[in-house]
Structure formats: C-alpha cells, structure tokens
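The structure appears below as structure tokens.
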Amino acid sequence: MGRGEKGRERPAVQGVIDCDIHCVVPSVDVLLPYLPAYWQEQIAISGFKGPVDEAYPASAATSVRPGAALADGPAGSSLALLRTQVLEPWRVEWGVLNCAYAIESIHNPDAAIALASAVNDWQIASWLDQEPRLRASIVVPSQLPDAAAAEIDRRAADERFVQVWLPVRAAAPYGNRRYWPIFEAATRHNLAVGIGFGGAPGTPPMPSGWPSTYLEEYAGMASVFQSQLMSLICEGVFDRFPDLRVVLIEGGFTWLPSFLWRLDKEWKALRREVPWVRRLPAEYVHEHVRFTLQPLDGPPDERQFREVIAQLGADDLLLFSTDYPHWHFDKPEAALPPVEAPLLAKILRDNALAFYRPTPIP
C-alpha cells in the first residue's frame, strides 16, 4: 500500500483500465499509405496539411504533461512514451485510444470519409498491432451520419475497437434524428459511443456565441456536455436504442447531480411534450451513461468530494482515465478520487469492464 495525499491510503495499482488515452496523428503524411491514389495526389497538389482546428493548443498549460512533448512531433504521437508514461507505471490492463483528429472540420464530404478511414487504418497499424494492451475508438465523419455508420460497419469486425468517437461539439445536438444511423450502427455491433472534449463543426463552442479566450472555451465545454446529454434523453435516443451505451469523456461529472435534479423536476411538469421519455432522466443516465475521471473537477476537500460521489446516486458511473498526454495532475495520487477502496477498485477497472464488455483478445 502506498500513502496518498493527506495520509490517504492508496491501494496498489493493478489491472487498471484507462478509458481515455489520446493518440495524435503527427501529420497528414502518415495517413498517405492508407489513402486511395486519388487523395494522395490531391494532398500533394493542394498542400493540404490536415484539419487545422485543434482542441488542445500545444502551448496551453493543460494540453501537454511534462515529459510528453516531442522534438519531432506532437505530444501523444509516440507509442514508446505512452508505454513508459502510462501503460507501465499504471500497470494498465488495457487502455482506450481516442483520436481527436478533427474530421468534422473537413467540408469536402469525400475527403472526410477517406481521411476517417485512413485514421482508423493508421490506428491499427501504428498502435493496435504494436501494443496488445490497447483498444481504440472508431473515428467517423460525424457530419455525415450515413457514411459514419458505414465506417462503423467496416471496422466493427476488429474487436480491438470498443467504441465510436464523437466530438462533443457538433453542428446539432446528437439527439437530433440525423445522427440516429450512428447510434443504430454502434448498438448493432455492441459498441459504446464516446462523446469527447472538443470538436470543430464551425459553430460556436458556447451556447451564447464565440468566447474571447481559450479559458472560456475550455471551462465552458462542460455546458456542451450537458446540452448533449439532455438532447439524447429528451429526443428519446435511449428509448429508440435501448442497448445504447454512452461515455462522456473529459467533460467532468460533479455537475451531474444538480443537472439531473433540474431535468427530473422539469420533466415531471412537461412530460406531455416528450411522451417517448417514459422514465425519469436520471434513470436513463444511470443505465446508459458513464463519465471519465479526468480532468477531475471535484472539490479539494475529501469530505465534500465524497458528498458529491454520494449525490451521484450510483457507484458505477465513473471510469478511470489519465487523459494522456493532457496535464491535470502532478502525482499519480492526485489522479485518484478520495473514495474508499471498494469504490476505487470499481472506478479503476470493474466499471469499465462491465460497461465496455470487451471481447477477450489473446
């Protein structure tokens, strides 16, 4: 047993499942071998450099943990560093790769489809085939739901893909019927849907418009997660797809109790408007939705933090994540919530295992 902050006991880390590891495409050049000849030629002629929108500015304090920066590429593009900085020290049983390559920012639909497919081929060759402890999320052109569903169908046979990646910022709330083909394909193939921080759909990152600073965008992203969750519930997505599983990645979770209290209350008064929503919104969340741990947005006081955990109303909602290579903690102990050992064991491994339902891979 190790000693955590303020004398808190930290259990030996064994069999951890890391539900948010970012793998970063270092340049469009690495995707060329996986693109048709036509797109290779178009990229060479046009000088296309790939999506230019970046949810994690390289110089922002939260974007890169010390020691993760590379001289010849962006942080998060080195498997060797991932092994030494995450997989080995945390004794990761398996970790989920989330590649936030901004496919949704590409306006040419054929280019978006081709690049999403190339990113998935690159994930297989450069990460999954090289490291058996890794699983991955399927990158899709989320702005083209039918094409996204086709890419899910193409990739689902590879059981190392355990979820579909969607950026939390989108052109419309994900409950909108235009996105239903994505959820149908995900549930048909027993895949979770990971909705993650960022996205570059061309719309403002905040409900009231464009902010002036990155601080506003970064902190305000939690409100986008809340909007997406409310949309999925109120548009009846979980009723339409009763086997759908959604993971909210990098969006925090301490806002959830007050959010659900309000939504449950208003649903009781306005439920005639949404007759397809047959249960309290909180019930849908407890059954269908999980939240990754980092960035940990709880209060620093342990007693207050445990009150928040109690207010969640369930002990299976949280999934451990490092959010590598982003920087949210200096010491491993700071990445762990101040909860008792049985709940901590569920957060570190058991909740993810039950929710992702991975097929054992030799």
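The values are calculated or read from the model by the stated rules, or taken from the named source; none is laboratory data. In this text, all values refer to a predicted model and were calculated from it rather than measured experimentally. Don't worry about glycine lacking a Cβ; one is built from the backbone with ideal geometry, like all the others, and counts go over all protein chains shown.
Checking the structure you have, find out if any residue of the range 294-304 is closer than 28 Å to residue 344 by Cα, assigned to a helix (DSSP H, G or I) and of a type in the set (Gly, Ala, Ser).
No, because not a single residue in the range 294-304 is closer than 28 Å to residue 344 by Cα, assigned to a helix (DSSP H, G or I) and of a type in the set (Gly, Ala, Ser).
The single condition from (1) surrounded by 11 or more Cβ atoms within 10 Å (Cβ to Cβ); (2) modelled with pLDDT of 80 or more; (3) within 19 Å of residue 105 (Cα to Cα) that residue 17 fails is (3). Among residues of the range 82-114 being without any contact (Cβ under 8 Å) to a residue 40 or more places away in the chain and either more than 20 Å from residue 31 (Cβ to Cβ) or in a loop (DSSP other than H, G, I, E, B) (or both), the one that is farthest from the chain's Cα centre (by Cα) is 108. Take the residues of the range 161-199 that are farther than 22 Å from residue 121 by Cβ and among the aliphatic types (A, V, I, L, M): which is surrounded by the most Cβ atoms within 10 Å (Cβ to Cβ)? For the range 161-199, the residue satisfying everything is 195. The residue pairs whose first member lies in the range 164-176 and is without any contact (Cβ under 8 Å) to a residue 12 or more places away in the chain and farther than 18 Å from residue 136 by Cα, whose second member is surrounded by fewer than 24 Cβ atoms within 10 Å (Cβ to Cβ) and among the polar types (S, T, N, Q), and whose beta carbons are closer than 9 Å, counting only pairs six or more residues apart or on different chains, are 172/203; 172/231. Scanning the range 300-315 for residues that are surrounded by 13 or more Cβ atoms within 10 Å (Cβ to Cβ) and within 15 Å of residue 252 (Cα to Cα) returns 305, 308, 309, 311, 312. For the range 308-328, the count of residues that are in contact with a Ser or Thr (Cβ under 6 Å, 6 or more places away or on another chain) and among the polar types (S, T, N, Q) is at least one. Within the range 119-136, residues that are part of a helix (DSSP H, G or I) reach partners that are basic (Lys, Arg) with beta carbons closer than 6 Å, at six or more positions or on different chains, in the pairs 120/155; 128/160. Among the residues here, residue 67 qualifies as more than 20 Å from residue 130 (Cα to Cα) and either outside any loop (DSSP other than H, G, I, E, B) or without any contact (Cβ under 8 Å) to a residue 60 or more places away in the chain (or both).
On the given criteria, is residue 277 over 30 Å from residue 181 (Cβ atoms) and β-branched (Val, Ile, Thr)?
So residue 277 does not fit the description; no.
Taking the criterion of being touching a Phe, Trp or Tyr at 6+ places or on another chain (Cβ under 9 Å) and either farther than 22 Å from residue 166 by Cβ or surrounded by fewer than 20 Cβ atoms within 10 Å (Cβ to Cβ) (or both), the residues of the range 57-73 that qualify are 57, 60, 61, 62, 64, 65, 66, 68. Of the residues making up the range 129-146, those that are surrounded by fewer than 20 Cβ atoms within 10 Å (Cβ to Cβ) and out of contact with any Phe, Trp or Tyr (no Cβ under 6 Å at 6 or more places or on another chain) are 129, 130, 131, 132, 146.
Of the residues 338, 332, 281, the single one that is surrounded by 19 or more Cβ atoms within 10 Å (Cβ to Cβ) and at pLDDT below 90 is 338.
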